[in-house]
Amino acid sequence: MSKREASTIGRNTVSGRQLQDFVERIERVREAKKQLNEDEKLVFAELKAAGFTPARVRDVIKRRAAKPADIEEAEAQLDMYLHALGMATETPLFRSVGQMSVDLAARDEVIAAFKLLVPTEGEIIVKIGAQPVRLYRDKDGNAQAEDVVERPKPASKAASQVPERPKRDVPDLDAAGAKDLGRVAYRENQPITSNPFPWDDKRRSEFDAGWREASGTDGMGPSE
């Protein structure tokens, strides 16, 4: 503390009371941050109980908050680096081609080939394109195939405790204006989470719809 501060700050002085006010405000902010962190932990615990993976949900949240251009650049660099280090067997171009929809005739041929490998007692799960397929034998010993539909585990009965969304300045717009605002947000390279409307405001979905329409994606990042 400087000599000047020592001479102006004392018990019950104006400066002393002002300093105490600042300190108490900081303490209240920190207490609120601590409570919000606890609320977030509860939400993650609930989604984990529902069968979702918290680490992947964090990736989704991070991706939604990122700018579209940043996501595209990061993914392009990652593909290039992985291939350069020998950690990817395909070049980025071949990888993109491989992610296209699988030809139905080729898919049937793959399933027919794998049916020969199905054990008498047991099953094989094969992922062809984006759709997993379960191969098994029926009671007569004939190989069968069916698409696998993955469902999350039932949600826990614990009450959801979601922290309140911080207040924002809400634009005075109708539904059409909110949708236009979403389009503008994407063109200005803003993430979909820049939506200024509260969760219970019907215009919020219009903003999201405008953003997705302009980006051609579902709001999780650029299309693969």
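The values are calculated or read from the model by the stated rules, or taken from the named source; none is laboratory data. Just so you know, these numbers come straight off a predicted model, no measurement behind them. Every residue, glycine among them, receives a Cβ derived from its backbone with ideal geometry; neighbour counts consider all protein chains shown. Side chains are part of the model used for accessible areas, which takes the heavy atoms of the whole protein and leaves out ligands, DNA and RNA. Shrake-Rupley method; radii C 1.70, N 1.55, O 1.52, S 1.80 Å.
Could we say that ARG56 is open to solvent by 70 Å² or more (accessible area, probe 1.4 Å) and at pLDDT 90 or above here?
Criteria met by ARG56.
With the requirement that a residue be touching a Lys or Arg at 6+ places or on another chain (Cβ under 6 Å) and farther than 15 Å from ARG63 by Cβ, what does the range 210-220 give you?
Passing the criteria: GLY210, ALA214.
Could you grab me the full set of residues in the range 89-134 that are open to solvent by 100 Å² or more (accessible area, probe 1.4 Å) and either closer than 18 Å to ALA145 by Cβ or modelled with pLDDT of 75 or more (or both)?
The answer is LEU104, GLU109, LEU116, LEU117, THR120, GLU121, LYS127.
Could you grab the pairs with beta carbons closer than 6 Å, sequence gap of 6+ or different chains, first residue in the range 29-50 and touching a residue at least 60 places away in the same chain (Cβ under 8 Å), second one of a type in the set (A, V, I, L, M) and open to solvent by 80 Å² or more (accessible area, probe 1.4 Å)?
Qualifying pairs under 6 Å: VAL43/VAL162.
Out of ALA214, ALA178, ALA159, ALA185, report the one residue that is part of a loop (DSSP other than H, G, I, E, B) and either open to solvent by less than 80 Å² (accessible area, probe 1.4 Å) or at pLDDT below 65 (or both). So that I can check it myself, show each step before the final result.
Working: ALA214 fails: part of a loop (DSSP other than H, G, I, E, B); ALA178 fails: part of a loop (DSSP other than H, G, I, E, B); ALA185 fails: part of a loop (DSSP other than H, G, I, E, B).
Sole residue among the options that is part of a loop (DSSP other than H, G, I, E, B) and either open to solvent by less than 80 Å² (accessible area, probe 1.4 Å) or at pLDDT below 65 (or both): ALA159.
Output the residue which, of all residues in the range 59-70 that are open to solvent by less than 80 Å² (accessible area, probe 1.4 Å) and of a type in the set (A, V, I, L, M), is farthest from ALA214 (Cα to Cα).
Within the range 59-70, the match that is farthest from ALA214 (Cα to Cα) is VAL60.
I want to confirm something. Restricting to the range 10-37 and keeping residues that are open to solvent by less than 80 Å² (accessible area, probe 1.4 Å) and either in contact with a helix residue (DSSP H, G or I) (Cβ under 8 Å, 6 or more places away or on another chain) or under 30 Å from ARG58 (Cβ atoms) (or both), which single residue is modelled with the highest pLDDT?
Within the range 10-37, the match that is modelled with the highest pLDDT is ALA32.
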